[in-house]
Amino acid sequence: MSVKVIIPTPLRVYAGKADSTEVSAKTVGEALGQLTSKFGDLRKHLFTEDGKLRSFVNVYVNDEDIRYLSKENTPTKDGDTISIVPSIAGGLL
Amino acid sequence: MSNAAQLKISSELADKIRSHGAETYPHECCGALLGRDTEVAHRNVFREIHALYPLVNRRDDSPRNRFSLTSQDVLDAEKAARECGLEVVGWYHSHPDHPARPSQYDRDHAWPWYSYIIVSVANRVPEEMTSWRLTDDRSEFEGEEIGLQRVAS
């Protein structure tokens, strides 16, 4: 399934400044795997060392948050758009 | 970072960040930095802040030492930036009664490329303001020199 992945602004420097890319994937997990295979430097900013999506990385399939679908097992179909949108957090301690 | 990075911001906007920190004290304030990058000679890039987009700290459970912004906040800031012909180039927040230095928590939750301005606010009085960028390998923040401009952007 041909799926478009929107790359968030802070990660575009690791994707040749591209704001999106097309991947072939049946699930969100496959799409993110294809994305990080294509642009290896993205991986550490999207995933923890044990391979989990970082908590401040929000992933949507056509505007639906995958947390409320099947997370990385959410199926994708031709023409779907996956958006990666940051949350921002911090604190003095 | 391979290229020297500088951050330029007007004194007026820097004062607005300080004021926001003073207003929300003893809680952390936060907001978006709207601007653009310009590459100049010799592969130097400078980042200029042209506007702020103040936001509400969503950490109402622990606002004295934490801040957070939702993905919707980020999308709203990005939309506001596009409408001005700018982009979101970073975020600011305050450290109440604490130095303007990024914490481990800041680092754990940071995105690369963004500038992170931190203002220290002691007893409601804004003090030092610093700016930082996460390194590519996420191992640390690098300080970013802030150049204050006299004319408002």
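Values quoted throughout were computed directly from the atomic coordinates according to the rules given, and no laboratory measurement underlies them. Quantities reported herein were computed from a predicted structural model and do not represent experimental measurements. Note that each Cβ is placed from the backbone with ideal geometry, even for glycine, and that neighbours are counted across all protein chains shown.
Descriptive notes on the structure:
- Where A:Leu35 falls short, out of the listed (1) away from chain B (no Cβ under 14 Å); (2) within 11 Å of the chain's Cα centre (by Cα); (3) more than 15 Å from A:Lys4 (Cβ to Cβ): (3)
- For segment B:16-51, filtering for residues that are touching a residue at least 60 places away in the same chain (Cβ under 8 Å) and of a type in the set (S, T, N, Q) leaves 2.
- Condition check for A:Asp19: free of Cβ contacts under 8 Å to residues at least 60 places away in the same chain, closer than 27 Å to B:Tyr92 by Cα, facing another protein chain (nearest Cβ under 10 Å) and charged (D, E, K, R): no
- Residue within segment B:85-96 that is out of contact with any strand residue (DSSP E or B) (no Cβ under 9 Å at 6 or more places or on another chain) and facing chain A (nearest Cβ under 8 Å) present: no
- Residues that are within 14 Å of chain B (Cβ to nearest Cβ) and among the small types (Gly, Ala, Ser), drawn from segment A:69-93: A:Ser83, A:Ser87, A:Ala89, A:Gly90, A:Gly91
- Members of segment B:27-84 that are farther than 19 Å from B:Val121 by Cα, of a type in the set (S, T, N, Q), within 13 Å of chain A (Cβ to nearest Cβ) and not in a loop (DSSP other than H, G, I, E, B): B:Ser71, B:Gln72
- In this entry, A:Lys52 passes the filter for residues that are charged (D, E, K, R), away from chain B (no Cβ under 12 Å) and within 26 Å of B:Gly90 (Cα to Cα).
- When the residues of segment B:99-119 are filtered to those that are assigned to a strand (DSSP E or B) and more than 9 Å from every other protein chain (Cβ to nearest Cβ), the one that is nearest to the chain's Cα centre (by Cα) is B:Ile117.
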